[in-house]
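Scroll down for the structure; my scribbles are underneath it.
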Amino acid sequence: LADLLEGFKSADPVVQEKALAETEERLRDSEASPEEECTTKVNKTVINTRAPVRLNHGFLAALEKDARERAKQRKRNQRLANALKEKGNDAFRRGDYVTAIQKYTEGLEKLKDQQQLYTNRAQAYLKMHEYEKAIGDCNWALKCDEKCIKAYFLMGKAHLALKHFSESRQCYRKILDIDPQKKSLFKDCINEVNLEEKRMNEEEKALKEFQSGKFTALSIKELLQKLDKPDQNILYYSGGIRVLTGAMKDCTEQTLFRTNDGFSIINDNEVIRRGFSAERKNTAEVDLSISLLFLWQAVCAGNEENQRLLLTHPDMNVQLSKLLSSGVPEIQKETLALISLYSETEYGRRLLVRHQDLSRWLQILMMFINSPDGRASSAVNILADLTQEESFKIQCRIEFSTGVLPLFSQLLISAKQVNGRALARCIGVVGDLCTDGVVRKKMADCQECWQACLKLVDECLPGGSTPEYQECLFAVLGLMMNLLLESSAAIQCFALDISGRCMSLLSSKDGRIVTRALGVLSRILPASSSAVEEVVKGGIVKKMIRILKAGGQITSNYAIRTLSICTKSSIQAQEEVVKSDKRFGVLLKLLNSENEIIVGNAAFCLGHCLVVPGAAASLLNSNIVMVLLKHAGGDATNTSVQENAAIALGRLCTAEPRHIFQLRELNGMAILNSSMKYLHNV
């Protein structure tokens, strides 16, 4: 019994499950075994004169009850874990490995000893080239089942990708120890490891040959002649290209490379051309491609003429996008580095726009946000650079709805499974793209996009996320503000949800979040009277008055606009302003602002609130007449300031005629008479 109790207390889920299983077995045995007939013929009873030992039947009953409850809970968790595993499998089959990993992880939160969830997640990690994580999951799977063949197989693949040849062979041999009948199947895996190790050794030998004094002393021209030598092993060319790259010390070598026709290296050498252009590259072709990318970077760094020659090469128009989509992290990393040389300068960006088909680049580069390494930030930097070019925005229109929006929406939904900093910057880039009216309209009409934005807001509500995901929230609120410049059925559909989320965000301790939430509110409320009604019920008036008392100019701008929208259509809002803002102290302060937009909205709000009984009388001893008269007869650039002030002045004198005496003293009757026409039009 003591052992069982210790098992239940253990932090190891496997130990806990063993203890649970043993307890259940004991319970089944006690329930299934009937009492046996007594076969004792001789009375062998011995009378014990000591005090009897009392069993704690209450403790045993509690233990049995606990075991039954645990068994039920495990069955529930088993069902949930299996359902999440199937969702992960569906995502994996679609090639959505980020979502697959997310679902397998959620399944493991329900049941930590589910071996299939570990191996399935390891397989997804392999697809994402996250080999160390795959190995970690395989180790956990083996703790659940020490003879799990799939775990050893996946671990062998991960070690091979990391060039851990000995460890990879050991994994495959372990499979043969477990099931010798699979020898024919996994013998090929061991041979693959041996061949890969041999290839790497040959590559090192070829590189050493090129790096010997004999070759490093050669000039650029002589090195190019060596690379022009036909019918050599591909490793020979990879090694030679790396030595050539090392020889690029400054612009002199870059010029020599160009004048000695170095850019023809792809065209004239069949082995190099075939290896660089191969769709599915083997390891040697991958190394060759990486070597070439290093060379192009060295040749083009700071050299505009070389940049032009490389980008106008016939193969490069197709190859750059193929290299980005290759699925090989090392190739992608160096391709991004090469493109960055171009995107960082205006001249380079113009070359990209002129000589590359960039219609799919937004989608391709956005896919790197899933990457846990430096590829994510490199891709976002390139996107941020390219959005400075109007031609790039125009090209993005082509596949924005079909390719970009579904991917972007998925990134927002999976915010906590991707690189948070890169995602925040990516959202900002998309916001910049929305300065293009066509792109903005397509995005504003997309219901899936709005749903994804709301999902991200839910994930990042105050107190529920890390600082980097707060940056994602800040960015997505800015994006929503841009999209709300449009009007669409989708916006009206989600107006209640959007305004509700923004109301929650007003309690954030981050002033930037509060300001942007107000910005979104000020733009979403005009789209829905129902949303106005709900936020008024939720106490928006008191929140706005409190913010206006302490807010800066930008925050005050959004807050007074929000308040003016609410008071325009809600009697309750008008009454609450009169009640919360005693003698209109806050509105009077705003009417003296130097910001015309704030003044116009403050006058607009005041004009609506003056219809509340007693509101106009509360201003009898103030300078409100002089303030409104100044704005109504002023020369503000924004004519709505004059109009709103005139309307407020007319309503003030209509609601409380005693204000007319002060108006006469200020010689403002002519302005009052002109304001009456606005009143008739309202």
So, Val271, is that one open to solvent by 20 Å² or more (accessible area, probe 1.4 Å) and among the hydrophobic types (A, V, I, L, M, F, W, C) or not? yes
Subset of the range 514-533 (residues that are surrounded by fewer than 22 Cβ atoms within 10 Å (Cβ to Cβ) and hydrophobic (A, V, I, L, M, F, W, C)): Ala527
Filtered residues of the range 610-625 (kept if in contact with a Leu (Cβ under 8 Å, 6 or more places away or on another chain), under 16 Å from Gly585 (Cβ atoms) and not in a loop (DSSP other than H, G, I, E, B)): Leu619, Ile624
From the option list Ser340, Ser325, Ser291, Ser371, single residue qualifying as open to solvent by less than 30 Å² (accessible area, probe 1.4 Å), closer than 28 Å to Gln417 by Cβ and either modelled with pLDDT under 95 or in the same structural domain as His129 (by the TED database) (or both) is Ser371
Residues of the range 632-650 being part of a helix (DSSP H, G or I) and either modelled with pLDDT of 90 or more or open to solvent by less than 30 Å² (accessible area, probe 1.4 Å) (or both), which ones? Ala632, Val641, Asn644, Ala645, Ala646, Ile647, Ala648, Leu649, Gly650
Would you mention how many residues in the range 538-548 are without any contact (Cβ under 8 Å) to a residue 24 or more places away in the chain and either open to solvent by 80 Å² or more (accessible area, probe 1.4 Å) or of a type in the set (Asp, Glu) (or both)? 1
Since Lys183 meets every condition but one in (1) in a helix (DSSP H, G or I); (2) modelled with pLDDT under 75; (3) not assigned by the TED database to the domain that holds Glu146, which condition does it not meet? (3)
Filter result for Arg93 (at pLDDT 85 or above, of a type outside the set (Ser, Thr, Tyr), exposed (fewer than 10 other Cβ atoms within 10 Å of the Cβ) and outside the structural domain of Ile369 (by the TED database)): yes
Based on this model, can you work out whether Tyr152 counts as over 27 Å from Asn419 (Cα atoms) and either in a helix (DSSP H, G or I) or not aliphatic (A, V, I, L, M) (or both)? yes
How many residues, within the range 549-569, are closer than 21 Å to Ala615 by Cβ and surrounded by fewer than 21 Cβ atoms within 10 Å (Cβ to Cβ)? 3
The range 145-170 residues that are closer than 12 Å to Ala134 by Cα and in the same structural domain as His129 (by the TED database), paired with ones that are assigned to a loop (DSSP other than H, G, I, E, B) and open to solvent by 50 Å² or more (accessible area, probe 1.4 Å) (beta carbon under 8 Å, 6 or more apart): Ala151/Asp145; Ala161/His129
For the range 570-596, which positions are surrounded by 22 or more Cβ atoms within 10 Å (Cβ to Cβ) and not in a helix (DSSP H, G or I)? Asp581
Counting only residues that are more than 19 Å from Tyr237 (Cβ to Cβ) and open to solvent by less than 50 Å² (accessible area, probe 1.4 Å), how many does the range 310-322 have? 3
Filter the range 376-407 for residues that are open to solvent by 60 Å² or more (accessible area, probe 1.4 Å) and of a type in the set (Val, Ile, Thr) and give the result. Ile394, Ile398, Thr402
Members of the range 123-163 found to be crowded, with 19+ Cβ neighbours inside 10 Å and either among the β-branched types (Val, Ile, Thr) or touching a strand residue (DSSP E or B) at 6+ places or on another chain (Cβ under 6 Å) (or both), listed by number: Ile135
Taking the range 226-248 as the search range and keeping residues that are modelled with pLDDT under 80 and open to solvent by 50 Å² or more (accessible area, probe 1.4 Å), which one is nearest to Asp268 (Cα to Cα)? Asp228
Looking at the range 484-494, is at least one residue open to solvent by less than 20 Å² (accessible area, probe 1.4 Å), within 19 Å of Gly428 (Cα to Cα) and in a helix (DSSP H, G or I)? no
Please state which of the following conditions Glu285 fails to meet, knowing it meets all the rest: (1) under 24 Å from Arg199 (Cβ atoms); (2) open to solvent by less than 10 Å² (accessible area, probe 1.4 Å). (2)
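The values are calculated or read from the model by the stated rules, or taken from the named source; none is laboratory data. The structure displayed is predicted, hence computed values, not measured ones. Reconstructed Cβ throughout: ideal geometry from the backbone, glycine too, with neighbour counts over all protein chains shown. Only protein heavy atoms, including side chains, enter the accessible area calculation; ligands, DNA and RNA are left aside. Shrake-Rupley method; radii C 1.70, N 1.55, O 1.52, S 1.80 Å.
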